[in-house]
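Working notes, structure below.
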Amino acid sequence: MRTTSFMIFCFCAMAALSAVAQSNQLQVQIDNIRNSEGKILVALYDSESDYLKKFYVGKNVSASKGQMVVTFDNLVPGKYAVSAIHDSNDNGELDTNFFGIPKEGFGFLNGAMGTFGPPKFESVTIQWTGEAMVVVVPMKYF
């Protein structure tokens with residue numbers, strides 16, 4: 001009986017610690033991924049001057065058709081712009097045609113789009129307080 005009680009206690013303690021560990025995660029849900037070729041590159045930018053030039057933190061993961069979630073741990077609370085690209089040929093950049101139109105998938109927070117070019121920094125930012133949060137970036141392909 002003691003062994004069973006101890007095991008139940010340990011299980012509950014581990015579950016509680018797991019919930020606490022996940023409370024400081026920012027999860028970026030990537031939707032509409034066309035195929036499983038290459039990588040999905042997700043970037044967070046912490047300043048307008050660095051936006052789309054130098055990311056604050058980024059991750060690249062193998063692409064998976066449909067939907068994926070990329071998790072960021074241990075971020076400092078603050079304002080972040082969120083973007084992603086589907087680097088289908090795995091060359092580390094968003095390929096474009098002669099006119100600058102993307103040849104690979106791309107996306108910004110909540111599907112934001114710019115008129116001619118990328119959306120403005122302010123339209124793709126979140127204010128992250130350190131609490132668990134899920135944001136959505138739908139991929140677009142031309």
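Residue-wise test of (1) modelled with pLDDT of 95 or more; (2) surrounded by 19 or more Cβ atoms within 10 Å (Cβ to Cβ); (3) within 19 Å of Tyr45 (Cα to Cα).
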| position | (1), (2), (3) |
| --- | --- |
| Gly58 | yes, no, yes |
| Thr96 | yes, no, no |
| Phe108 | yes, yes, yes |
| Ala112 | yes, yes, yes |
| Gly117 | no, no, yes |
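Suppose the filter is on the phi < 0 side of the Ramachandran plot, under 14 Å from the mean Cα position of the chain (by Cα), at pLDDT 95 or above and of a type in the set (Lys, Arg); does Lys53 pass it? Walk me through how you get there before you give the answer.
Values: on the phi < 0 side of the Ramachandran plot: yes; under 14 Å from the mean Cα position of the chain (by Cα): no; at pLDDT 95 or above: yes; of a type in the set (Lys, Arg): yes.
No.
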Report summary line: Filtering the range 95-135 down to residues that are touching an Asp or Glu at 6+ places or on another chain (Cβ under 6 Å) and within 22 Å of Gln27 (Cα to Cα) yields Phe121
Query raised in the report: When Val42 is evaluated against the numbered criteria (1) over 12 Å from Val28 (Cβ atoms); (2) touching a residue at least 40 places away in the same chain (Cβ under 8 Å), which criterion, by number, is the only one it fails?
Result: (1)
Query - Condition check for Leu17: more than 21 Å from Pro138 (Cα to Cα) and either part of a loop (DSSP other than H, G, I, E, B) or modelled with pLDDT of 95 or more (or both) - result: no
Report task. Go over the candidates Ser64, Ser88, Ser83 one by one and state the one that is at pLDDT 95 or above and loosely packed, with under 14 Cβ neighbours inside 10 Å. Result -> Ser64
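Which is surrounded by fewer than 17 Cβ atoms within 10 Å (Cβ to Cβ) and either under 19 Å from Tyr45 (Cα atoms) or in contact with a strand residue (DSSP E or B) (Cβ under 6 Å, 6 or more places away or on another chain) (or both), of Val76, Val124, Val137?
Working: Val124 fails: surrounded by fewer than 17 Cβ atoms within 10 Å (Cβ to Cβ); Val137 fails: surrounded by fewer than 17 Cβ atoms within 10 Å (Cβ to Cβ).
On inspection, the qualifying residue turns out to be Val76.
With respect to Leu44, is the statement that it is at pLDDT 95 or above and under 25 Å from Phe116 (Cβ atoms) true? Break it down into steps so the answer makes sense when it comes.
Numbers: at pLDDT 95 or above: yes; under 25 Å from Phe116 (Cβ atoms): yes.
The answer is yes for Leu44.
The values are calculated or read from the model by the stated rules, or taken from the named source; none is laboratory data. Just so it is clear, the model here is predicted, and its values are computed rather than measured. Neighbour counts run over all protein chains shown; Cβ positions are idealised from the backbone, glycine included.
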